[in-house]
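> Got a structure here, written out as structure tokens. Questions coming.
The values are calculated or read from the model by the stated rules, or taken from the named source; none is laboratory data. This is a predicted model, so every value here is computed, not measured. Every residue, glycine among them, receives a Cβ derived from its backbone with ideal geometry; neighbour counts consider all protein chains shown. Please note that ligands, DNA and RNA were not included when accessible areas were found on the heavy atoms of the full protein model with its side chains. Shrake-Rupley method; radii C 1.70, N 1.55, O 1.52, S 1.80 Å.
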Amino acid sequence: MKLALHGGWTVRPTDGPVPDDVGHGAVEATVPGCVTTDLIGAGLVPDPYLDANEALLAWVGRTGWRYETSFEVPPAGDGERTDLVCEGLDTIATVRLNGLEVGRASDMHLCYRWDVSSLLAPGTNHLEIEFEAAVDAAERWEAELGPRPNVSAHPYNALRKMACNYGWDWGPDLPTCGIWRPVALERWHVARIAAVRPLSWVLLPGAGEGAPTTLEEEAPPAGPGSPVTAQAVLEAHVDIERGAGAAQELSVEVSVAGRCATAEVPAGASSVVVRLELPEVDLWWPHGYGAQPLYDLNVCLRARGDEVFATWPRRTGFPAGRVGRGPDERGSRLGFVVNGRAVNVRGANWVPDDCFPQRVSRERYRERLSQAVGANMNLLRVWGGGIFESEDFYGLADELGLMVWQDFLLACAAYAEEPPLRPLFEAEARQAVTRLCAHPSLAAWSGGNENIWGHEDWGWKDKLGGLTWGEAYYFDVFPSVVGELDPTRAYMAGSPWSFGHDAHPNDARFGSKHVWDVWNEKDYLAYREHQPQFVSEFGFQGPPTWSTLTRSLTARPLDLGMPELAVHQKAAQGNDKLARWAALRFPQPEAFEDWHWATSLVQARAVALGVEYWRALVPRCRGTVVWQLNDCWPVVSWSAVDGDGRLKPLWYALRHAYADRLLTIQPPEAGEGGAEGAMVLALVNDSKSTWRADIDVARTSFSGEVLASTTVAAEVAPGASERRLLPAGLTAAGRPAGEVLVATGADRRAVWFYAEDKDLELPPPSLSARWRRTPEGYAIEVEADGLQRDVALLADKVAPEAHVDDMLVTLPAGQRHTFEVRSPELADPDALLAPTVLRSANQLVHGAARS
């Protein structure tokens with residue numbers, strides 16, 4: 001029997017700086033939930049996502065809270081035990097049942113289980129969970145453990161709680177508190193399934209059983225000969241908890257893929273391994289490389305007779321995955337291999353999708369992960385400053401073909417290696433590895449985010465003065481847990497990481513690299529100064545979409561100097577950097593709407609340039625993971641999808657740059673030769689079939705006159721790239737301010753401008769446009785009277801729910817394009833044609849958006 005305890009809860013403050021207008025009375029509480037959302041629901045505090053309200057809720061993290069509910073439960077039968085199971089308590093909590101202490105919690109990321117059989121009363125029972133103030137608790141633990149460097153105003157690294165809760169350079173300072181995951185009573189007798197670890201190996205032709213994590217030889221790319229089915233082995237490691245005095249023999253039955261096996265559990269034994277040999281399974285592939293078949297996996301715990309004590313149903317899949325290092329002429333590369341085929345990673349970093357994680361439903365996860373797939377991604381890195389996401393996240397990643405790089409939850413800080421933290425870290429790791437190992441999407445574990453790099457470069461060594469900093473976690477605790485509980489997955493000590501102590505942790509020649517001098521110190525053209533093996537973080541800021549920005553900032557008129565905007569810009573000198581990099585391309589914007597469009601466009605161009613440049617270096621660079629896919633609230637940030645779930649121009653740029661088949665024009669690398677002015681045409685083929693195409697390359701004037709042209713016949717194998725040096729006679733501009741280089745073919749196009757926008761002789765904004773009604777909304781047909789760069793339709797400015805199919809389309813003179821807008825019927829469809837909605841780079845150069 002399982003009885004969810006999600007009804008009838010109240011919450012009240014117990015101590016702290018509670019405002020008089022809030023008082024100390026009880027309010028209705030939602031479980032799962034948190035104090036802040038309950039206070040919002042009761043009308044006692046404003047929405048912290050709006051305006052400058054964030055600061056008005058600072059007292060919440062300085063206040064203790066008590067949750068209470070009452071419930072009735074049927075009497076237990078003979079030999080039955082009743083457990084109280086709290087899947088997530090945030091964070092320092094004392095649990096009492098009928099006035100007696102049940103237990104204490106001190107880790108947001110742990111599931112707690114207590115036997116409460118002797119504490120339950122006939123009739124009504126009273127459950128109380130009291131939480132210590134989140135900020136005070138962190139400071140108290142820091143005082144006990146000793147101060148250690150971090151990147152927040154609060155010592156988040158002293159407490160096992162979501163780090164970004166305490167504020168980040170894209171997130172608000174809103175420390176949460178509450179019962180954030182389900183709580184229930186579970187009643188059982190004789191025995192229960194405590195944990196299941198289904199570990200599987202795919203036996204590819206010519207390969208033995210096991211999970212190698214080195215890449216000593218380059219794996220072939222995915223293609224027509226890639227395996228679709230294979231033999232497999234699944235071993236279900238089943239842990240059993242027995243009731244008092246229950247020493248009888250048991251059996252465990254496991255079934256998957258049409259096969260079933262049973263193992264006997266001797267009296268008194270608490271674990272068993274059930275092995276199934278599967279003669280043929282359909283292989284799970286990442287998105288873009290094949291299908292994602294999933295199988296029902298069922299585990300059943302029985303008495304030696306027929307009585308069933310417990311079941312454990314899941315879905316799983318069978319990829320032969322390995323992630324690891326392989327030597328090359330420069331150092332050691334990081335590579336992902338699935339089913340014996342090299343996979344070029346096209347990914348993004350994932351942060352919690354809401355500051356209040358209980359608000360992220362399965363539907364919201366599906367929308368966000370579908371947006372990743374829609375941008376042609378095949379991997380998400382779950383960043384170490386957040387949470388281990390819910391089963392919905394990983395289950396949907398399984399369904400959609402998104403590989404998951406999972407950080408252990410440490411970020412940008414030094415961490416004490418002494419108790420009480422060390423036992424909590426190990427318990428977290430054991431629970432997380434056990435919970436997630438059934439998911440075929442889980443590709444690799446990482447020790448955390450930028451902690452090793454921070455220790456090396458950020459001045460921590462002097463500040464620590466000999467204190468521990470987390471080294472034991474990255475090089476002992478975590479690899480030991482992964483090796484013991486899930487040897488089928490790879491483990492990396494961190495991100496970035498160079499595979500060893502002999503090289504700097506962020507050395508481009510080894511492993512993974514974070515590129516942050518671009519944006520912070522350098523313009524995005526400097527991405528071409530980096531030639532990493534694998535990029536696991538890089539990014540460029542931009543504002544949220546117009547609808548999201550204007551919903552969250554209610555004051556009018558909008559102005560760059562308004563204090564409310566500063567609250568929604570968390571990066572150091574963030575708006576100054578936005579202005580600096582935009583000023584390299586455009587005149588100073590005269591209106592706020594022009595600033596919004598200019599900085600959105602620069603963000604999109606910046607990240608697309610980095611992606612295209614590094615993809616064109618395959619196999620030298622095997623992956624890019626953009627910072628970041630999503631946001632937790634409405635904010636100026638590095639995301640492609642804003643805090644309200646709307647697609648920024650960056651998302652459209654990524655969809656083009658991450659396409660299976662990429663056509664791009666790049667400057668030649670050292671050693672590629674060519675006279676001054678020569679360029680390289682690069683074709684990148686991540687599809688499963690050979691790309692054969694005739695690419696027309698032409699240098700033209702802005703009026704459309706062809707100045708030089710040629711046709712390049714290309715044949716690119718799956719998983720490969722081809723670089724063709726174009727002669728300077730074709731590519732060298734006679735008038736850089738008035739010429740453009742365009743490559744077209746096989747439904748792909750690449751465009752190269754010879755100067756920044758403000759130095760180009762771009763024609764005035766001149767788009768002829770008309771709309772027509774469609775079953776889904778509207779089709780907007782545009783025609784360029786003169787060359788129009790980066791044409792975009794910002795449809796959300798007309799209707800917040802409107803969605804456009806494409807953006808950032810450069811139209812030569814006389815060319816047409818149709819934008820499809822999904823939208824309800826509009827009162828004034830002509831608004832879609834307004835110059836502040838139908839945008840281009842030309843407008844920013846000529847200042848004509850308000851005409």
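> Residues ARG724, ARG772: which one is out of contact with any helix residue (DSSP H, G or I) (no Cβ under 7 Å at 6 or more places or on another chain) and under 30 Å from ALA827 (Cα atoms)?
Checking each option against the conditions leaves just ARG772.
> Please enumerate the residues belonging to the range 27-46 that are open to solvent by 20 Å² or more (accessible area, probe 1.4 Å) and assigned to a loop (DSSP other than H, G, I, E, B).
Once the filter is applied, which keeps residues that are open to solvent by 20 Å² or more (accessible area, probe 1.4 Å) and assigned to a loop (DSSP other than H, G, I, E, B), the range 27-46 yields THR30, PRO32, ALA42, GLY43, LEU44, PRO46.
> I need the full set of residues from the range 641-653 which are part of a loop (DSSP other than H, G, I, E, B) and over 21 Å from SER840 (Cβ atoms), in order please.
Those that are part of a loop (DSSP other than H, G, I, E, B) and over 21 Å from SER840 (Cβ atoms): ASP642, GLY643, ASP644, GLY645.
> Also, quick follow-up: Any residue in the range 454-465 that is among the small types (Gly, Ala, Ser), within 19 Å of ASP354 (Cβ to Cβ) and outside any loop (DSSP other than H, G, I, E, B)?
no
> Can you spot a residue in the range 323-331 that is open to solvent by 20 Å² or more (accessible area, probe 1.4 Å) and touching a strand residue (DSSP E or B) at 6+ places or on another chain (Cβ under 6 Å)?
Narrowing the range 323-331 to residues open to solvent by 20 Å² or more (accessible area, probe 1.4 Å): 325, 327-330.
Add one more test, that the residue is touching a strand residue (DSSP E or B) at 6+ places or on another chain (Cβ under 6 Å), and what stays is 325.
The answer is yes, given that some residue of the range 323-331 is open to solvent by 20 Å² or more (accessible area, probe 1.4 Å) and touching a strand residue (DSSP E or B) at 6+ places or on another chain (Cβ under 6 Å).
> Let me ask another. Look at the range 438-473 and say how many of its residues are free of Cβ contacts under 8 Å to residues at least 12 places away in the same chain and crowded, with 16+ Cβ neighbours inside 10 Å.
Result for the range 438-473: 0.
> Which of (1) over 25 Å from MET162 (Cα atoms); (2) assigned to a loop (DSSP other than H, G, I, E, B) is the odd one out, the single condition ASP83 does not satisfy?
Condition not satisfied by ASP83: (2).
> OK, next. Search the range 690-719 for residues being small (Gly, Ala, Ser) and surrounded by 14 or more Cβ atoms within 10 Å (Cβ to Cβ), and hand back the single one that is farthest from the chain's Cα centre (by Cα).
Residue satisfying both the conditions and the ranking: ALA708.
> Go over the candidates HIS6, HIS24 one by one and state the one that is assigned to a loop (DSSP other than H, G, I, E, B), closer than 16 Å to VAL60 by Cβ and not β-branched (Val, Ile, Thr). Walk me through how you get there before you give the answer.
Numbers: HIS6 fails: closer than 16 Å to VAL60 by Cβ.
Going through HIS6, HIS24 in turn, just one is assigned to a loop (DSSP other than H, G, I, E, B), closer than 16 Å to VAL60 by Cβ and not β-branched (Val, Ile, Thr): HIS24.
> So in the range 720-738, with the set limited to residues that are open to solvent by less than 60 Å² (accessible area, probe 1.4 Å) and under 11 Å from LEU683 (Cα atoms), which one is farthest from the chain's Cα centre (by Cα)?
GLU722
> Filter the range 424-438 down to the residues that are in contact with a strand residue (DSSP E or B) (Cβ under 7 Å, 6 or more places away or on another chain) and more than 24 Å from TRP141 (Cβ to Cβ) and list them by number.
Scanning the range 424-438 gives THR434, LEU436, CYS437, ALA438.
> For the range 772-789, give me each residue that is out of contact with any Ser or Thr (no Cβ under 9 Å at 6 or more places or on another chain) and open to solvent by 90 Å² or more (accessible area, probe 1.4 Å).
ARG772, ARG773, PRO775
> Another question, then. Given the options GLU820, GLU801, GLU761, name the one that is at pLDDT 95 or above, under 22 Å from LEU650 (Cβ atoms), assigned to a loop (DSSP other than H, G, I, E, B) and open to solvent by 40 Å² or more (accessible area, probe 1.4 Å). Let's see the steps before the verdict.
Values: GLU820 fails: assigned to a loop (DSSP other than H, G, I, E, B); GLU761 fails: under 22 Å from LEU650 (Cβ atoms).
Exactly one of GLU820, GLU801, GLU761 is at pLDDT 95 or above, under 22 Å from LEU650 (Cβ atoms), assigned to a loop (DSSP other than H, G, I, E, B) and open to solvent by 40 Å² or more (accessible area, probe 1.4 Å), namely GLU801.
> With respect to VAL11, is the statement that it is part of a strand (DSSP E or B), aliphatic (A, V, I, L, M) and either open to solvent by 40 Å² or more (accessible area, probe 1.4 Å) or at pLDDT 95 or above (or both) true?
yes
> Give me the residue from the range 64-85 that is among the acidic types (Asp, Glu) and under 40 Å from the mean Cα position of the chain (by Cα) and, out of that set, least open to solvent (accessible area, probe 1.4 Å).
ASP83
> For ASN339, only one of the following conditions fails: (1) over 19 Å from CYS437 (Cα atoms); (2) open to solvent by less than 50 Å² (accessible area, probe 1.4 Å). What is its number?
(1)
> While we're here: With respect to SER709, is the statement that it is outside any helix (DSSP H, G or I), of a type in the set (S, T, N, Q) and at pLDDT 95 or above true?
Spelling it out, SER709 is indeed outside any helix (DSSP H, G or I), of a type in the set (S, T, N, Q) and at pLDDT 95 or above.
> Can you name every residue in the range 802-838 that is of a type in the set (A, V, I, L, M, F, W, C) and touching a Ser or Thr at 6+ places or on another chain (Cβ under 7 Å)?
Selection gives ALA802, ALA813.
> To continue, here is another question. What number of residues in the range 462-511 are over 19 Å from GLU329 (Cα atoms) and of a type in the set (Gly, Ala, Ser)?
Summing the residues that are over 19 Å from GLU329 (Cα atoms) and of a type in the set (Gly, Ala, Ser) in the range 462-511 gives 10.
> Condition (residue is in a strand (DSSP E or B) and over 17 Å from LEU145 (Cβ atoms)) applied to the range 361-371: is it met by at least one residue?
No, the range 361-371 contains no residue that is in a strand (DSSP E or B) and over 17 Å from LEU145 (Cβ atoms).
> Looking at ASP306, is it without any contact (Cβ under 8 Å) to a residue 12 or more places away in the chain and not aromatic (Phe, Trp, Tyr)? Let's see the steps before the verdict.
Numbers: without any contact (Cβ under 8 Å) to a residue 12 or more places away in the chain: yes; not aromatic (Phe, Trp, Tyr): yes.
Taking the combined requirement at face value, the residue satisfies it.
> I need every pair where a residue in the range 748-765 that is closer than 21 Å to VAL697 by Cα has its Cβ under 7 Å from the Cβ of a residue that is surrounded by 21 or more Cβ atoms within 10 Å (Cβ to Cβ) and of a type in the set (D, E, K, R), sequence separation at least 6 or different chains.
TYR754/GLU739; LEU762/ARG789
> Then there is this: Suppose we keep only residues that are closer than 20 Å to ALA137 by Cα and charged (D, E, K, R) within the range 86-100. Which one would you say is surrounded by the fewest Cβ atoms within 10 Å (Cβ to Cβ)?
Taking the candidates together, the pick is ARG96.
> A further question on this structure: What number of residues in the range 768-786 are under 37 Å from the mean Cα position of the chain (by Cα) and either in contact (Cβ under 8 Å) with a residue 60 or more places away in the chain or outside any strand (DSSP E or B) (or both)?
The number of residues fulfilling the criteria is 3.
> When the residues of the range 415-440 are narrowed to those that are out of contact with any helix residue (DSSP H, G or I) (no Cβ under 6 Å at 6 or more places or on another chain) and among the charged types (D, E, K, R), which ends up farthest from ILE92 (Cα to Cα)?
In this case the residue turns out to be ARG435.
> Within the range 543-551, does at least one residue satisfy the condition of being out of contact with any strand residue (DSSP E or B) (no Cβ under 9 Å at 6 or more places or on another chain), among the hydroxyl-bearing types (Ser, Thr, Tyr) and without any contact (Cβ under 8 Å) to a residue 60 or more places away in the chain?
Going residue by residue through the range 543-551, those that are out of contact with any strand residue (DSSP E or B) (no Cβ under 9 Å at 6 or more places or on another chain) are 546-548, 550-551.
Applying the additional criterion that residues be among the hydroxyl-bearing types (Ser, Thr, Tyr) yields 547-548, 550.
Going one step further and asking which of them are without any contact (Cβ under 8 Å) to a residue 60 or more places away in the chain, we end up with 550.
Within the range 543-551, one or more residues are out of contact with any strand residue (DSSP E or B) (no Cβ under 9 Å at 6 or more places or on another chain), among the hydroxyl-bearing types (Ser, Thr, Tyr) and without any contact (Cβ under 8 Å) to a residue 60 or more places away in the chain.
> Quickly run through the range 116-151 and pick out the residues that are in a loop (DSSP other than H, G, I, E, B), farther than 28 Å from PHE71 by Cα and open to solvent by less than 30 Å² (accessible area, probe 1.4 Å).
Of the range 116-151, the ones in a loop (DSSP other than H, G, I, E, B) are 116-123, 132-133, 146-151.
Right, trim to farther than 28 Å from PHE71 by Cα and you get 146-151.
The answer is GLY146, ARG148, PRO149.
> Taking VAL18 and the conditions (1) open to solvent by less than 50 Å² (accessible area, probe 1.4 Å); (2) farther than 21 Å from VAL135 by Cβ; (3) without any contact (Cβ under 8 Å) to a residue 60 or more places away in the chain, which numbered condition does it fall short on, given that it satisfies the others?
The number of the failed condition is (2).
> I need the full set of residues from the range 209-264 which are assigned to a strand (DSSP E or B), modelled with pLDDT under 80 and buried (at least 16 other Cβ atoms within 10 Å of the Cβ), in order please.
Pass one, the range 209-264, residues assigned to a strand (DSSP E or B): 214, 221, 229-242, 250-256, 259-264.
Narrowing further to those that are modelled with pLDDT under 80: 214, 221.
Across the range 209-264, the qualifying residue is only PRO221.
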